[in-house]
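Some notes on the structure that comes next.
What follows draws every value from the coordinates through simple rules; no lab data is involved. Small disclaimer: the values here were computed from a predicted structure and weren't measured. When we count neighbours, we look across all protein chains shown, and the Cβ atoms used for this are built from the backbone with ideal geometry, even at glycine.
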Amino acid sequence: MIIAERKPMEEIEQAMAPYKKVLVAGCGTCVAVCWAGGEKEVEILASQLRLARSAEGNEIVTLEATVERQCEKEMVAELKDKVAEVEAVLSLACGSGVQTMAELFEDKPVFPAVNTTFIGMPEKEGLWVEMCGACGDCVLDRTGGICPIVRCAKGLLNGPCGGTRKGGKCEIDPEKDCAWVLIYRRLEKQGRLDLMREYYSPRNFRAVKRPGRVQAVKA
Amino acid sequence: MATPFREILKTKDFVVTAEVGPVKGSNVSKAIEHIELLKDKVDGLNVTDNQSSVMRYPSLGICLLIKEHGGEPVFQVTCRDRNRLAIQADLLFAYSRGVSNVLCLTGDSIDVGDHKEAKQVFDLDSVQLIHLVHTLNSGKDMAGNELDGGIDFCIGTTATPSADPLEPQLIKVEKKLKAGVSFIQTQAIYELDELKRFTEFVRNRDEKVKILAGIVPVIGAKMAAYMNENVPGIFIPQHLIDELAQAPKGTGVSKGIEIAARMIKQIKEEKICDGVHIMFIGREEKVPEILEAAGLL
Amino acid sequence: MNGCIVAFCCEHSAYPAADLAGKLRLHYPENIRVIRVPCAGRVDVIHILKALEKGAAAVLVLGCEDGACHHITGNTRAKERVKYCNMLLKEVQIDGRPVAMFNLSPNAPHKFVSAVNEITKIIKESGR
Amino acid sequence: MEPKIGVFLCNCGGAINNIDFDAAVKKVAKFPGVTCVNLSSDLCLEKGREKMISCIRGENIERVVVAACSPEFQEHIFRKVLEKAGLNDHLLSMANIREQCSWTHDGDVTEKAVELVKMAVNRVRLLQPMEKKELPVNREVLVVGGGFSASNTVLQLSRVGLRTTLLEKEAVLGAGTEELESFYGFDTGSMISAVEVDKNIEVLTSAQMTEVGGKIGDFSVRIRQEGGEILRKYGAIVLATGHQTELALDSEPQLRAEDEAISGLNIVSQEQFCCMLGNSGLETEPKTIGFMFDFSDENSRFTTLATLNNALAAKKKWGSEIYVFCKNVKVDSEGMEKLYREARDCGVVFLKSEAPPRITAENGRVKIEAKDVFLGEDVILACDVLVAEELYLPAEGAENLSSLLSIRRDSKGFFQDENVHLYPVGSEKKGIFFIGGCRGDLDLGRVLTDISSVVMKVHELLSSGKILVELEKVKADPQKCVACLTCIRVCPHGAIQLVRVDGSKEVAEISDLACDACGICAAICPAKAIKFQGYRDEEILAQIEAIQEL
């Protein structure tokens, strides 16, 4: 699922500085699951904003709302009246949610309150790690289900690089495992090391012509 | 004019190469000094390409200088800064100006360098780069188009014999050998039995390839601890660090040279591999001392 | 409610300790309002922030001693949330010290009184 | 439409003397929704309660606020009053104007008291009625383990009429109870046969649990036995998997003998020494025997007891010289003092030394050297047999058992996290209990009392076949839940599971039986889907709203 992280407060305060009345809009799906932009975070951010502004003696009125998914026009449309009442919208959704909101309400400035980071999964409660880079040309079949494109710092197809640290850790971060050492261990366990011995020619980096479009068959 | 590196590899039984590190700026006078000092003392002079992802004077520029001064340059190419178009263009330019040895590297990651927010390319990796040079050698570019005027590079690459775990590295070396390389210049070696195991591994797969052991002299225990922590691919064992710690204050450099020379002599006598590649970036002027101490001059 | 302290008291430790303080006629400042919760782990960040918004001078979260929480992880969760609140307040240049957590056991009324006195001292220091 | 609220103030028979109740009554009457305010001086007595009931019925009051002493003290009594008055007993909120207001501040505290009442009124206005129901529970109990504690538990459980299953990993019951037999004269043989013959007990030997699901009153356990796997349902699970011992010699470096010949010597554990005592066909009876304890493990009560018993038995049987090396002799449990004096009287020598003794070999016999505290010099002794100290460790299966039941373990690996609320036999999951060695508790006297407390607890839980719970006290709203699993990972009592709702959607479901009403999940839920009746966000924030000025 999409993982996001709340922006530093200075950025948000700066963005909201000129406004007296704003809508703080959350999204109930991915960003809620990773504790970045759900209903709980909307309440906390709104309260933090009000506290900050009243401390500066420049009160701010905040409306709060959370829709099921901010990347659906019909769902975002439900906020029509609330958006009409405010001068700006502070959206805690991922990038696509913020842009859906901005597209639907072009007369009002929309500001992101979170940074969308990656597609990932929870390693343990409260810690999410990157798993997929949405590269459009999946190689997981050849690497025992471990993606070298995003989990190897250099995205190598014929890894590992010469810089792996002791114990099979990544060159740039001793906390992170070298993806290719993980791939080696798993393929070895499955007795499919020939997959790693095979030479992989340079990747097609234009598999997805950015910005991507996926057209489903009109059933 | 120095004899081509390709010939040296065939004829000489103990090949010695060194490394010149370009400066961060356009003043090449120091580089010329180092070239003059080393060009007749070593069989080939490597030129690093933005080493440790730190922006410097381009490797190709220094290679041309070496050519002008009658030395034999080894052009190091990393995949971090240029995509496949730029690399192919650089190789054509290098060959056309007489640079005919290339060392194919993956390259350090941007995070260890001094431009930490740059976009890293890695369009290719070292194995793919070797295949690319072979394709160019055969007269075609990567997209299969005919070249008007081909090239013929002597191809080399690197390896890390002291990596932990070692097996994934050996799989990569195997891929490089299958792709076809003439010489291997390894990362810094400090345990000779690791080098022995590595050479044996390579020799049963490809007798012709020449293996040059990487020698990086360590000047002092603090420096050793720093390198272990921050320089990728460096694993200095504890016994060497203790030996360095005992060296009296101020004699760190000479102690480092003494250890390096001792290793080179042992490699030569026991014929562990086909030569050495001395990397003393920033203290190139000390390389002759090492060669002398190792009896190679 | 300027100058008032909102205290979330856990049913298993802080609330009985406060009662015991009353039974022993121990005195502590009057400007404290106790809200009874089943466990310190029930107190959420929004409760603390809303109390501050309402003008509370300080917010106290009082839970069981470490390792003696009736619900095993309730007090550690509460400590994390108080730390998170301090960070949220620091982010907006507001002194986070008046939001604090203290651990006590049901038979320690003196600890309840000393917690209230200490937070009163912090309020004076931070000038809220 | 605003619910009708009745406020009942009590001056506790004059014990609350610094509140101007008349002024308070006037102020409280003005709170929105309050229809009647009564002052009384004996709400907790029969008379006061009768008046309350008639007032509630008379004014048909829908919510009740009682401003008096601490809820810890009287809340359950006032809940019964509401029930008698025909009102759902959850619709009550108390204001503690005695312990936390009148008694802790001097001078007039009317204003604070009024504000406390206002907080209670704001909360009671939002309270919702709660339905109580008796949920059926499975009355069968699973006891894991085959040793002394397990067998005794099943016997006593069957005596109180509960059917049990005894699950033993080994092929035979009663492993490791020889020691107890000789010391305490327990006839373990008859105990085992009683277990086998009892109709309430089903014994499954060389069987192991592979999967445990469900919750109290409805645990589903998958058991693997000789290739076959069976799925069984149980109401409660009792773990009595015991402990294992390891000679302190090998693991403790400072106790290690200097030279390697030590392995061939006669160094035994307490249990092995016990068997030596038992078997009459011993070729050479040991002339001098050495014992050791209290060096590597501070609470050495169990080893002291075993040493004293073994020493006495050896003295009587072989009359050999016995030397005991120890840091000190701890005789703090029943009958130990008598045993210690008896041992000393019949000639057992106790040598106290700070550092653990050095053990070496000398022509086939064990040489022990230690610096005696009283003599102040080294004592050197060569003996035929040395009974070395043992380390008590959790049984090997403990690791996978704890992950199977997802139960925490303490720092040494024994079950039952060091949390006082779980003593003596509980675990953080309702319906799962531990007794005996697996809890690191080796003192037999205490194990016996624990067995009876487990039996009493299980009987109390399951014997009636149903448990009274408040339905949906803590509930996750399926519409709002995004199944992010945070509550499932966070719940300290493992009371939340992922369930499929109307075919496709998976949501979190909180079991009323297993939930211990702490509210940690309600606080952490990112979609604010979990409602905890009585402590919902609205009910807490309403109390904060009530705090006006001071």
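Once the Cα atoms are used to define both axes, helix B:126-137 deviates from the longest principal axis of chain B by about 50 degrees. Modelled spin labels at D:Leu404 and B:Ala86, positioned 7 Å past Cα toward Cβ, are 6.0 nm from each other.
The angle separating the long axis of helix D:46-58 from the principal Cα axis of greatest extent in chain D is about 50 degrees. Relative to its residue count, region C:58-117 spans a Cα convex hull of 65 Å³ per residue.
By how many degrees, 0 to 90 and rounded to 10, does the Cα axis of helix D:188-197 deviate from the longest principal axis of chain D? Compared with the principal axis, the helix lies near 50 degrees. Applying both filters, DSSP loop and at most 15 other Cβ atoms within 10 Å, to the trypsin sites (Lys or Arg not before Pro) of region B:53-128 gives B:Arg97, B:Lys116, B:Lys119. Restricting the calculation to Cα atoms, chain C yields a radius of gyration followed by a Dmax of 13.6, 41 Å. If a/c stays under 1.5 just call it rounded; otherwise compare a/b with b/c (prolate if a/b is bigger, oblate if not). Do that for the protein assembly as shown, with a ≥ b ≥ c from the square roots of the Cα gyration tensor eigenvalues. Oblate, because a/c is 1.5 or more while a/b does not exceed b/c.
Computed over all pairs of different Cα atoms, the Kirkwood value for the hydrodynamic radius of region D:1-136 is 14.9 Å.
Taking a threshold of 29 Å on the Cα-Cα distance, which of the pairs C:Lys54/D:Lys27; A:Lys154/B:Lys39; D:Lys132/D:Lys199; B:Lys30/B:Lys268; A:Lys166/B:Lys175 fall above it?
Working: C:Lys54/D:Lys27 22 Å; A:Lys154/B:Lys39 35 Å; D:Lys132/D:Lys199 36 Å; B:Lys30/B:Lys268 31 Å; A:Lys166/B:Lys175 22 Å.
Violating the 29 Å limit, Cα to Cα: A:Lys154/B:Lys39; D:Lys132/D:Lys199; B:Lys30/B:Lys268.
Amide H contacts for B:Gln76 (H built 1.01 Å from N in the peptide plane; partners 5 or more residues away or on another chain; cut-off under 5 Å): B:Val47, B:Leu103.
Note on region B:49-110: Cα Rg divided by 2.2 N^0.38 Å, N the number of residues, gives 1.08. Divided by 2.2 N^0.38 Å, where N counts the residues, the Cα radius of gyration of chain B comes to 0.96.
So if each residue of separation counts as 0.36 nm, and I subtract the Cα-Cα distance between A:Phe118 and A:Ala216, what length gain in nm does that give? Spell out each step's value before the answer.
On the way: separation 98, 0.36 × 98 = 35.28 nm, distance 2.41 nm.
Here the segment from A:Phe118 to A:Ala216 would lengthen by 32.9 nm.
Label reach from A:Ser96 (point 7 Å along Cα→C-beta): in region A:1-32, amide nitrogens under 17 Å belong to A:1-5, A:27-32. Which of the three applies to region D:396-483, rounded, prolate or oblate, going by the alpha-carbon gyration tensor with a ≥ b ≥ c and a/c under 1.5 meaning rounded? Judged from the Cα gyration tensor, region D:396-483 comes out oblate (a/c at least 1.5, b/c at or above a/b).
Applying a DSSP loop filter and a limit of 14 other Cβ atoms within 10 Å to the trypsin sites (Lys or Arg not before Pro) in region C:1-52 leaves C:Arg25. Approximating the spin labels as points 7 Å out from Cα along Cα→Cβ, the D:Val172-to-D:Thr449 distance works out to 3.5 nm. In region D:472-532, Cα pairs under 8 Å separated by at least six residues give a relative contact order of 46 percent.
FRET efficiency for the C:Ser114 to D:Glu46 pair, using the beta carbon distance and R₀ = 41 Å, is estimated at 0.50. Working note: 222 nm ellipticity from helices only, DSSP H runs with n ≥ 4, each -39,500 (n - 2.57), summed and divided by the residues of the protein assembly as shown, gives -10500 deg cm²/dmol to the nearest 500.
With an 8 Å cut-off on Cα pairs and a minimum separation of 6 or more residues, tell me the relative contact order of region B:26-104 in percent.
Details: 89 pairs, mean separation 23.3, N = 79.
The normalised contact order for region B:26-104 reaches 29 percent.
Can you pull out the trypsin sites (Lys or Arg not before Pro) in region B:123-230 whose DSSP state is coil and whose Cβ has at most 15 other Cβ atoms within 10 Å? Don't jump to the answer; show the numbers that get you there.
Values: sites: B:Lys140, B:Lys172, B:Lys175, B:Lys176, B:Lys178, B:Lys196, B:Arg197, B:Arg203, B:Arg205, B:Lys208, B:Lys210, B:Lys222; in loops: B:Arg205, B:Lys208.
Qualifying residues, ordered by number: B:Arg205, B:Lys208.
Measuring from each cysteine beta-carbon in chain C, the ones with no other cysteine beta-carbon under 4.7 angstrom are C:Cys4, C:Cys9, C:Cys10, C:Cys85.
Where both bridge residues fall in the protein assembly as shown, DSSP classifies roughly 35% of the beta bridges as antiparallel. Here each label is just a point 7 Å from Cα along the line to Cβ, and for D:Ala313 and D:Leu231 those points are 4.8 nm apart. Here chain B carries DSSP beta bridges of which approximately 5% are antiparallel, counting only pairs with both residues inside.
Dividing the convex hull volume of the alpha carbon atoms of region D:248-385 by its residue count, what do you get in Å³ per residue? Show your work: numbers first, answer last.
Details: hull volume 15.4 nm³, N = 138.
Given the Cα convex hull of region D:248-385, per-residue volume reads 111 Å³.
Please list, in chain and number order, the residues 5+ apart from A:Met131 or on another chain whose amide H is under 5 Å from its amide H, with Hs placed from the backbone. Residues meeting the criterion, in which the H sits 1.01 Å from N, are A:Ile119, A:Gly120, A:Met121.
Please tell me the relative contact order of chain B in percent, rounded to the nearest whole number, where contacts are Cα pairs under 8 Å and at least six residues apart.
Worked out over chain B, it gives 18 percent.
Please say if region A:2-117 is rounded, prolate or oblate, where rounded means a/c under 1.5 for a ≥ b ≥ c the square roots of the C-alpha gyration tensor eigenvalues, and otherwise the choice is prolate for a/b larger than b/c and oblate otherwise? It is oblate, given that a/c is not under 1.5 and a/b is not larger than b/c. In chain B, excluding the sites themselves, the longest stretch lacking any of the GluC sites (Glu not before Pro) that are in a DSSP loop with at most 11 other Cβ atoms within 10 Å is B:1-116.
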